[in-house]
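See structure below.
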Amino acid sequence: MRRACKHVSALIFITSLIVALLLTASCRKQDDGGKLIFVFGHKIGGVELVKDSVTYLNAAENEYVVNELQYFISEVTLWKNGDRQVITSDSGVHYVDLDIPSTLSWFPDQVIPAGNYDSITFTFGLTESKNISGYFVNPPERDMFWPDVMGGGYHYMKMNGKWKTTLGDIQPFNLHLGIGMIADTAGNETFVQNYFTVTLPLSWCEVHESQVYRQFTIDMDINSWFESPYYWDWNLTGGQIMQNQDAMHAAAMNGRDAFTIAYEAPDPK
């Protein structure tokens, strides 16, 4: 009888231990968090951008067509009550190119801790730690190089297209952002960093393991680059701005408001 009781007690102990381990593993799995998907869209007036063929109108009533759009975002960070989770996958840099569909989505191989996040920030362009000539060795990122005599590193953005002048002529424009230069009265030149931080509030966004993925769609409104706080008129700025720090500064200020975000848990099917 005693031996039977011992067997029963051992069985109960083992069963309880297994249940406890399963519960612990289950809780740990639920609390681990999930992975993220970033999708990049490009719109004008809420409508998807059509490059090469559709003519658009900016606030200065410049008619223009977009032919190419390429840019870097980096240091993507989720914020929760002042704490931050930085996306470090792929060296924390993502390259977007309208001509390369695969770049319009980013799947960082990184688990984000569970929790309710209240905002996302990212750097448009590259900060000094990565904006170094030779940092990227393979195309297409390598082909974003910025001339060494102008500070080196890489373009933050290339937006290329055509616009119509007040005389009706069609002229090319190259809205290129990168390191700028300013000169003092003695002709001494100083390099200026034109990257900037974008902050996108999240009214309520929970990341948890049961969703597997949380998808963020980040849309760029092209016309926002030409609206506020600086009024952009190609008749005044001209089509080429790489050596025009005033114009690059204006574009960088306008670009802070060019992005919106939406988020959802995609259908697991």
Only one of Asn131, Asn116 is assigned to a strand (DSSP E or B), assigned by TED's automatic domain parsing to the domain that holds Thr217 and not hydroxyl-bearing (Ser, Thr, Tyr), namely Asn116
All-but-one check, Gly151 against (1) under 25 Å from Val50 (Cα atoms); (2) without any contact (Cβ under 8 Å) to a residue 60 or more places away in the chain, failing number (1)
When restricted to Thr121, Thr166, the only residue touching a residue at least 40 places away in the same chain (Cβ under 8 Å), over 26 Å from Ile87 (Cα atoms) and surrounded by fewer than 18 Cβ atoms within 10 Å (Cβ to Cβ) is Thr166
Tyr156 fails exactly one of (1) modelled with pLDDT of 95 or more; (2) more than 15 Å from the chain's Cα centre (by Cα), namely (2)
Taking the range 112-130 and the residues there that are aliphatic (A, V, I, L, M), closer than 27 Å to His208 by Cα and out of contact with any Asp or Glu (no Cβ under 6 Å at 6 or more places or on another chain), the one that is modelled with the highest pLDDT would be Ile120
Exactly one of Leu104, Leu57, Leu98 is without any contact (Cβ under 8 Å) to a residue 40 or more places away in the chain and among the aliphatic types (A, V, I, L, M), and that one is Leu57
Review point. Is there a residue in the range 175-195 that is among the polar types (S, T, N, Q) and within 19 Å of the chain's Cα centre (by Cα)?
Key: yes
Exercise. Restricting attention to the range 233-253, does a residue exist that is under 30 Å from Gln110 (Cβ atoms) and in a strand (DSSP E or B)?
Worked result: no
Reported set for the range 216-227 where residues are of a type outside the set (Asp, Glu) and in contact (Cβ under 8 Å) with a residue 40 or more places away in the chain is Phe216, Thr217, Ile218, Met220, Ile222, Asn223, Trp225, Phe226
Flagged in the range 235-251 as among the hydrophobic types (A, V, I, L, M, F, W, C), modelled with pLDDT of 95 or more and either surrounded by fewer than 20 Cβ atoms within 10 Å (Cβ to Cβ) or closer than 18 Å to Ile44 by Cα (or both), in numbering order, are Ala250, Ala251
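The values are calculated or read from the model by the stated rules, or taken from the named source; none is laboratory data. Keep in mind that this is a model prediction, so the values were computed, not measured. Every residue, glycine as well, gets a Cβ built from its backbone with ideal geometry; the counts of neighbours run over all protein chains shown.
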